[in-house]
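Q: Once you've had a glance at the structure underneath, I'll fire off some questions.
The values are calculated or read from the model by the stated rules, or taken from the named source; none is laboratory data. Only a predicted model underlies this, so the values are computations on that prediction, with no experimental measurement involved. FYI the Cβ positions are ideal-geometry reconstructions off the backbone, even for glycines, and counts take in every protein chain you see.
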Ligand code: NAD
């Protein structure tokens with residue numbers, strides 16, 4: 001099955017019968033044709049962050065909608081607001097230079113492009129893309145590119161800011177940026193995705209570049225998409241420059257200049273950090289259990305690499321549903337299944353469970369590796385784990401954070417926990433610049449050293465200031481940025 005084929009939603013005895021453009025709902029029926037008898041219909045709304053096959057209704061407005069999505073839309077918190085609130089909290093604790101915090105509380109550049117793409121049916125569609133460059137005091141802007149229907153400028157601002165903290169913590173000579181296209185890839189053929197990617201890259205023009213702003217994969221983007229960005233970018237420079245620009249993106253396929261180990265890097269970093277946390281806490285991972293939310297690049301690799309240290313994966317949730325098997329789920333086998341079927345739904349070696357059962361599954365470790373704002377005050381109360389290892393960016397909102405702290409659940413925060421991806425992106429960038437090719441052992445060894453050094457900096461800072469790890473991670477990041485601004489001053 002192709003990645004973007006969502007025909008999987010028709011599984012489990014449910015038949016897709018319709019979609020609406022406005023709400024992007026998929027309707028399902030239990031063997032009964034006709035929308036007029038649809039009070040019993042179940043649906044999977046593409047926007048619904050609870051991912052349940054849920055009831056849909058036709059309110060007085062006459063628009064079919066998903067009950068969960070509507071509720072969520074009302075209370076969806078703004079990730080950018082959360083990121084700035086966190087910055088303010090950290091500033092209160094450490095009293096960083098006020099002027100420097102003023103700089104860091106703003107993004108440096110925000111590029112919004114509207115561009116046309118000719119679709120397979122010959123019609124032209126206008127699309128909107130974003131690239132937000134938060135800060136480049138430590139080096140070129142660096143950050144992923146995501147394709148998702150809920151992408152908006154605030155989300156991209158927040159993710160760009162988190163990238164600045166992440167590169168600063170890990171001592172990488174990069175700044176922070178993020179990009180996004182507000183599309184649901186499921187709506188487009190692979191040919192259309194290629195055209196969209198290339199046209200977006202062209203529209204960004206010189207706002208990206210190998211020494212200026214370097215993109216990488218994120219939600220719903222992959223090495224193939226990076227190869228199209230690379231090809232489009234180098235097609236716009238002079239022939240003699242072409243091969244000096246391949247580091248305009250990282251996370252490329254190996255043959256196109258990618259690094260060994262980049263595909264698994266974020267998951268590998270998570271596994272290294274969990275091993276270190278377990279060692280520090282005298283916990284044997286051989287007897288440990290873990291649950292994973294999101295089984296894409298980050299979640300599946302974290303799950304597969306955790307398997308190596310003997311821990312048992314017992315529950316997984318992705319956009320298609322959730323599954324449980326207390327005796328253990330083989331992450332490699334599940335990854336093969338997801339590759340073929342597009343999601344964990346109907347995986348035959350586990351039982352289907354709902355969202356709440358997933359969240360209340362007793363385990364030692366929870367790896368959220370899907371989207372932001374999944375751990376709220378409400379969901380944090382449900383968790384029965386000792387550690388949350390944040391694979392996703394911004395998976396915990398500030399209220400959720402407070403609950404985790406009160407309940408003494410350890411957190412390895414996103415800006416540390418998922419930094420393996422940008423660390424190996426940095427290695428890829430270096431290899432491209434030096435025309436080198438490192439083997440997997442060298443990549444893993446260097447990744448281990450950099451990420452564990454960052455872990456120790458965060459741990460020691462948490463102890464020194466007696467703060468939670470998220471605040472400690474931010475103290476480490478801002479201290480480094482503050483030092484650079486102090487040394488260089490503010491132009492003119
Ligand atoms: P991906 O597109 O490969 O996978 C996303 C996964 O999340 C899929 O399994 C999808 O089904 C699932 N998902 C989406 N919405 C969901 C929802 N509402 N509930 C449950 N599951 C849901 O994306 P990815 O690259 O693995 O990125 C996942 C997270 O990790 C994002 O927050 C991303 O910003 C972050 N991240 C990614 C990288 C990287 O190298 N790819 C690096 C650092 C951080």
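Q: Which pairs do you get when a residue that is touching a residue at least 24 places away in the same chain (Cβ under 8 Å) and more than 18 Å from residue 361 (Cα to Cα), found in region 283-302, comes within reach of a residue that is near the ligand (Cβ under 7 Å from one of its atoms) and part of a strand (DSSP E or B), reach meaning Cβ atoms under 8 angstrom, with the pair 6+ apart or on two chains?
A: Within 8 Å, the pairs are 296/318; 297/217.
Yes/no per residue for (1) free of Cβ contacts under 8 Å to residues at least 24 places away in the same chain; (2) under 23 Å from residue 266 (Cα atoms):
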residue	(1), (2)
434	yes, no
445	yes, yes
451	no, yes
457	no, yes
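Q: State which residue is nearest to the ligand (Cβ to nearest atom) when the search covers only region 361-381 and only residues that are over 15 Å from the mean Cα position of the chain (by Cα) and modelled with pLDDT of 95 or more.
A: 366
Q: Within region 330-358, which residues are in a loop (DSSP other than H, G, I, E, B) and in contact with a helix residue (DSSP H, G or I) (Cβ under 9 Å, 6 or more places away or on another chain)?
A: Across region 330-358, the qualifying residues are 330, 342, 343, 344, 345, 346, 347, 348, 349, 350.
Q: It is to be established whether one or more residues within region 124-134 are assigned to a loop (DSSP other than H, G, I, E, B) and either within 13 Å of the ligand (Cβ to nearest atom) or in contact with a helix residue (DSSP H, G or I) (Cβ under 6 Å, 6 or more places away or on another chain) (or both).
A: Checking region 124-134: not a single residue is assigned to a loop (DSSP other than H, G, I, E, B) and either within 13 Å of the ligand (Cβ to nearest atom) or in contact with a helix residue (DSSP H, G or I) (Cβ under 6 Å, 6 or more places away or on another chain) (or both).
Q: For residues that are in contact with a strand residue (DSSP E or B) (Cβ under 6 Å, 6 or more places away or on another chain) and exposed (fewer than 12 other Cβ atoms within 10 Å of the Cβ), scanning just region 113-139, find the one that is nearest to residue 217 (Cα to Cα).
A: Here the residue is 114.
Q: Something else about it: Test each condition in (1) at pLDDT 95 or above; (2) touching a helix residue (DSSP H, G or I) at 6+ places or on another chain (Cβ under 8 Å); (3) exposed (fewer than 13 other Cβ atoms within 10 Å of the Cβ) for residue 490 and report the one that comes out false.
A: It fails just one condition, (1).
Q: Further question on the same structure: Select from region 396-428 the residues that are in a strand (DSSP E or B) and within 14 Å of the ligand (Cβ to nearest atom) and write down the one among them that is farthest from residue 454 (Cα to Cα).
A: Going residue by residue through region 396-428, those that are in a strand (DSSP E or B) are 396, 410-412.
Checking the rest, the ones that are also within 14 Å of the ligand (Cβ to nearest atom) come to 396, 412.
Working: 396: 21, 412: 11 Å.
The qualifying residue farthest from residue 454 (Cα to Cα) is 396.
Q: Can you name every residue in region 83-105 that is in a loop (DSSP other than H, G, I, E, B) and exposed (fewer than 13 other Cβ atoms within 10 Å of the Cβ)?
A: The one that is in a loop (DSSP other than H, G, I, E, B) and exposed (fewer than 13 other Cβ atoms within 10 Å of the Cβ): 95.
Q: Kindly provide the set of residues from region 382-417 that are surrounded by fewer than 20 Cβ atoms within 10 Å (Cβ to Cβ), within 24 Å of residue 326 (Cβ to Cβ) and out of contact with any helix residue (DSSP H, G or I) (no Cβ under 6 Å at 6 or more places or on another chain), ordered by number.
A: 384, 386, 407, 409, 410
Condition check ((1) under 22 Å from the mean Cα position of the chain (by Cα); (2) within 28 Å of residue 335 (Cα to Cα)) across all residues:
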residue: 209; (1), (2): no, no
residue: 250; (1), (2): yes, yes
residue: 254; (1), (2): yes, yes
residue: 267; (1), (2): yes, yes
residue: 278; (1), (2): no, yes
residue: 293; (1), (2): yes, yes
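Q: A further question on this structure: If you scan region 359-378, which residues turn out to be outside any loop (DSSP other than H, G, I, E, B) and surrounded by fewer than 21 Cβ atoms within 10 Å (Cβ to Cβ)?
A: 362, 377, 378
Q: Give me a count of the residues in region 193-229 that are assigned to a loop (DSSP other than H, G, I, E, B), within 16 Å of the ligand (Cβ to nearest atom) and closer than 11 Å to residue 248 by Cβ.
A: Total meeting the criteria: 0.
Q: Between a residue in region 151-172 that is more than 12 Å from residue 107 (Cβ to Cβ) and in contact (Cβ under 8 Å) with a residue 40 or more places away in the chain and any residue that is away from the ligand (no atom under 13 Å from the Cβ) and part of a loop (DSSP other than H, G, I, E, B), which pairs come within a Cβ distance under 7 Å, given they are 6 or more apart or on different chains?
A: Close Cβ pairs (under 7 Å, with a partner that is away from the ligand (no atom under 13 Å from the Cβ) and part of a loop (DSSP other than H, G, I, E, B)) amount to 167/138; 167/174; 167/175; 168/138.
Q: Now a separate question. In region 459-477, is there at least one residue being part of a loop (DSSP other than H, G, I, E, B) and free of Cβ contacts under 8 Å to residues at least 24 places away in the same chain?
A: So far as region 459-477 goes, yes, one or more of its residues are part of a loop (DSSP other than H, G, I, E, B) and free of Cβ contacts under 8 Å to residues at least 24 places away in the same chain.
Q: So, in region 281-309, exactly how many residues are more than 25 Å from residue 408 (Cβ to Cβ) and more than 13 Å from the ligand (Cβ to nearest atom)?
A: The qualifying residues number 3.
Q: Also, quick follow-up: Of the conditions (1) in contact (Cβ under 8 Å) with a residue 60 or more places away in the chain; (2) away from the ligand (no atom under 11 Å from the Cβ); (3) assigned to a loop (DSSP other than H, G, I, E, B), residue 327 satisfies every one except a single condition; which number is it?
A: Failing condition for residue 327: (1).
Q: Among residues belonging to region 230-280 that are away from the ligand (no atom under 16 Å from the Cβ), outside any helix (DSSP H, G or I) and touching a residue at least 12 places away in the same chain (Cβ under 8 Å), point out the one that is surrounded by the fewest Cβ atoms within 10 Å (Cβ to Cβ).
A: Among them, the one singled out is 236.
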